[in-house]
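The values are calculated or read from the model by the stated rules, or taken from the named source; none is laboratory data. Just so you know, these numbers come straight off a predicted model, no measurement behind them. All Cβ positions, glycine included, derive from the backbone under ideal geometry; neighbour counts span all protein chains shown.
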Amino acid sequence: MPRSPVSVEIRSGPWDLAAIESFLDSAVIPLRLATQGSSWPLVQSLWFLFDGSALWCCTQRDSVVAKRLRKTPQCAFEIAADAPPYRGVRGRGIAALDPEPAADLLERLIARYLAGRDSSLAAWLRARVADEVAIRIDTLAVTSWDYSARMKRPSTA
């Protein structure tokens, strides 16, 4: 995967770039990617990696998300768990599709999300790798939030 030039703008939130990078590196949850269609936006969930300046995902070259990003590369995203304490990163960026790094990226995503285990899902994904494209989202403008402190349970000592 080629490394993107550093292009992360922090718009607001409690976290600095190091905290954002730490969260993105440790969050093994799907990224919710919003893409624009002809009349309505659509949100898709994709596995992701962060390389320090760009978010990377994989999809099939003829998928709805790929078609939408080819037409309109501006997109938005959110990476946040569904369970408390609520915290995460959301923002916007510019997506580009590239088939060249897709095979390597897919292996890295399988290792991250499936803990490297050889499962039927991993085998199915690998069997379709010839039709995968990498999605690189860069020129990121991000916002973070972290409600951990206010969501702590009071001690009952």
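For this structure, a couple of remarks:
- Between Leu105, Leu125, the distinction of being out of contact with any helix residue (DSSP H, G or I) (no Cβ under 7 Å at 6 or more places or on another chain), assigned to a helix (DSSP H, G or I), surrounded by 18 or more Cβ atoms within 10 Å (Cβ to Cβ) and modelled with pLDDT of 90 or more belongs to Leu105 only.
- Val65 modelled with pLDDT of 95 or more, surrounded by fewer than 18 Cβ atoms within 10 Å (Cβ to Cβ) and either outside any strand (DSSP E or B) or within 15 Å of the chain's Cα centre (by Cα) (or both): no
Yes/no matrix, rows are residues, columns are (1) modelled with pLDDT of 95 or more; (2) surrounded by fewer than 18 Cβ atoms within 10 Å (Cβ to Cβ):
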residue	(1), (2)
Pro14	no, yes
Ser22	yes, yes
Val28	yes, yes
Leu69	yes, no
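- Taken over the stretch 77-100, residues that are farther than 19 Å from Ile135 by Cα and either in a strand (DSSP E or B) or at pLDDT 95 or above (or both) amount to 3.
- Any hit, the stretch 67-80, residues being closer than 22 Å to Arg11 by Cα, out of contact with any Gly (no Cβ under 6 Å at 6 or more places or on another chain) and of a type in the set (Ser, Thr, Tyr): no
- Within the span defined as the stretch 45-55, one or more residues are touching a Pro at 6+ places or on another chain (Cβ under 6 Å), surrounded by fewer than 18 Cβ atoms within 10 Å (Cβ to Cβ) and not charged (D, E, K, R).
- Answer residue from the stretch 89-124, given it is more than 30 Å from Ser144 (Cβ to Cβ) and among the acidic types (Asp, Glu) and is nearest to the chain's Cα centre (by Cα) among those: Glu100
- Residue match in the stretch 10-18 (condition: in a helix (DSSP H, G or I) and over 12 Å from the mean Cα position of the chain (by Cα)): yes
- Consider the stretch 30-57 and keep the residues that are in a loop (DSSP other than H, G, I, E, B) and aromatic (Phe, Trp, Tyr). The one that is modelled with the lowest pLDDT is Trp40.
- All positions within the stretch 46-74 that are closer than 23 Å to Ser22 by Cβ and either without any contact (Cβ under 8 Å) to a residue 60 or more places away in the chain or in contact with a Cys (Cβ under 9 Å, 6 or more places away or on another chain) (or both): Leu46, Trp47, Phe48, Leu49, Phe50, Asp51, Gly52
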